[in-house]
Amino acid sequence: MPSQINNVVVFSDTHSGCKLALSPPEGVELDDGGTYMPSRFQKKMWALWEEFWGEWVPQATKGEPYAVIMNGDALEGVHHGSTTQITHNLMDQGRIAKRILQPVVELCEGRYYHIRGTEAHVGPSASAEEGLAKSLGAIPNEDGQYARYDLWKTIGPDKLIHSLHHIGSTGSQAYEATAVHKEIVEEFAEAGRWRNQPPDVVVRSHRHRYMETAVPIGHKCKNGKQATGRAFSVVTPCWQGKTPFVWKIPGGRLSTPQFGGILIRYDQQLYIDSKVWTVDRSRTE
């Protein structure tokens, strides 16, 4: 493996085990001997998933090596009395998730990091997600957790990414960037308080909607001149359609779902690229 990685791909919220999330095209064998076959919607989403990893990622990374961050909620779990799961058996959900994610681990040659998602989906202390991440061979943290709460990841020679799952949300698209921008402001304040290096990229997920903000930053060079750049705060899209819960919340009930992921790339300077798809709204009758 090269000592310096200049590309980090981030995706999240695959929610394996949900009938509105990714499902392998060959179907899913269940614990009782039955088989679940993907819906028309899931087949369309699977085609986008294959395009993301088979076409967009190689093009965006220019064929260079990359690391991957799965930023939480790999499983749907059993929660809030919902009935949209393929199965309530978490072993079945784990097998679905591994079938989907194992090829990703192979594509990045094992440079795979896994972040813990929401307990309602992945169990108390993310127990279900920890087991999945270990089976996938995720890189563990200093405490031996294969699914970790957050990750500080170096990209390029000295740039820093901070990734974790949760972030605040809003019911108004007019204020969609507020929590995203606040997150980087809070990161800078906390880093300054303890004299730590602030992140150049803040990555969050959870909201299932892509959003990005940027601020100008600078530092003194050895020659005394001022170097400038940008720091980013970004939220990843998801790989799940609209569940019954989404249909009743402000903002979400009007919008179409967003599928895709992001690339954080260092090529003389740091920048973010993204690939985001949606689906057609309900047809006009």
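The values are calculated or read from the model by the stated rules, or taken from the named source; none is laboratory data. Being a predicted model, the structure only gives us computed values, none of them experimental. When we count neighbours, we look across all protein chains shown, and the Cβ atoms used for this are built from the backbone with ideal geometry, even at glycine. Each accessible area value is taken on the protein alone, full model and side chains, heavy atoms only, with ligands, DNA and RNA left out. Shrake-Rupley method; radii C 1.70, N 1.55, O 1.52, S 1.80 Å.
In this structure, the pairs whose alpha-carbon distance is over 27 Å, taken from K153/K242; K62/K153; K242/K275; K19/K134; K62/K225, are K153/K242; K62/K225.
Highest GNM mean-square fluctuation among G224, G77, G241, for the chain modelled with Cα contacts below 10 Å: G224.
In order along segment 118-134, phi translates into HN-Hα couplings of 8, 4, 4, 9, 10, x, x, 6, 6, 4, 5, 6, 4, x, 5, 4, 5 Hz, rounded to whole numbers, per the Karplus curve 6.51 cos²θ - 1.76 cosθ + 1.60 with θ = phi - 60° and x for Gly and Pro.
Extension gain for L254-T84 works out to 59.2 nm (0.36 nm per residue, less the C-alpha to C-alpha distance). The GluC sites (Glu not before Pro) of segment 103-140 include none that DSSP puts in a loop with a beta carbon having at most 11 other beta carbons within 10 Å.
So between W194 and W277, what do we pick up on full extension, going 0.36 nm a residue minus the alpha carbon distance?
Additional length available on full extension: 25.9 nm.
3J(HN,Hα) couplings calculated from phi for segment 99-111 with the Karplus curve 6.51 cos²θ - 1.76 cosθ + 1.60 (θ = phi - 60°) are, in sequence order, 4, 6, 8, 4, x, 5, 4, 5, 4, 8, 6, x, 7 Hz; Gly and Pro show x.
Put simply, the Cα atoms of segment 131-285 extend 67, 39, 30 Å along their principal axes, the longest span coming first. Accessible surface computed residue by residue for the chain, with neighbouring protein chains in place and a 1.4 Å probe, gives 50 Å² per residue. When the square roots of the Cα gyration tensor eigenvalues are ordered a ≥ b ≥ c, the ratio a/c for segment 105-221 is 1.5 or more and a/b does not exceed b/c, which makes its shape oblate. For H208, nonlocal amide neighbours, meaning residues 5 or more places apart or on other chains whose placed amide H falls under 5 Å from its own, do not occur.
The mean of 1/r over all pairs of different alpha-carbon atoms in the chain, once inverted, gives a Kirkwood hydrodynamic radius of 19.6 Å.
Rounded to a whole number, what % of the accessible area of segment 133-285 do carbon and sulfur atoms account for, probe 1.4 Å?
Carbon and sulfur: 50 percent of the exposed surface of segment 133-285.
Under 12 Å from a label point set 7 Å out along the Cα-to-Cβ vector of K98, the amide N atoms of segment 111-140 belong to 131-137. The distance between label points at S3 and T178 comes to 4.7 nm (points 7 Å beyond Cα on the Cα→Cβ vector).
Convex hull of alpha carbon positions in segment 1-117: directionally averaged projected area 7.8 nm². The modelled label-to-label distance between E186 and T170, using points 7 Å beyond Cα along the C-beta direction, is 1.5 nm. Heavy-atom accessible surface of W277, to the nearest 10 Å², is about 40 Å², with a 1.4 Å probe and all protein chains retained. Starting from the alpha-carbon convex hull of segment 119-187, give the projected area averaged over all orientations, in nm². Mean shadow area of the hull around the Cα atoms is 6.8 nm². Between I217 and R40, the modelled label-to-label distance comes to 4.7 nm, taking each label 7 Å out from Cα in the direction of the beta carbon. Sites listed here are trypsin sites (Lys or Arg not before Pro) in segment 144-211 whose DSSP assignment is loop and whose Cβ has at most 11 other Cβ atoms within 10 Å: R195. Figure note: M91, M70, M211 ranked by solvent-accessible area, largest first, 1.4 Å probe, ligands and nucleic acids not counted: M91, M211, M70.
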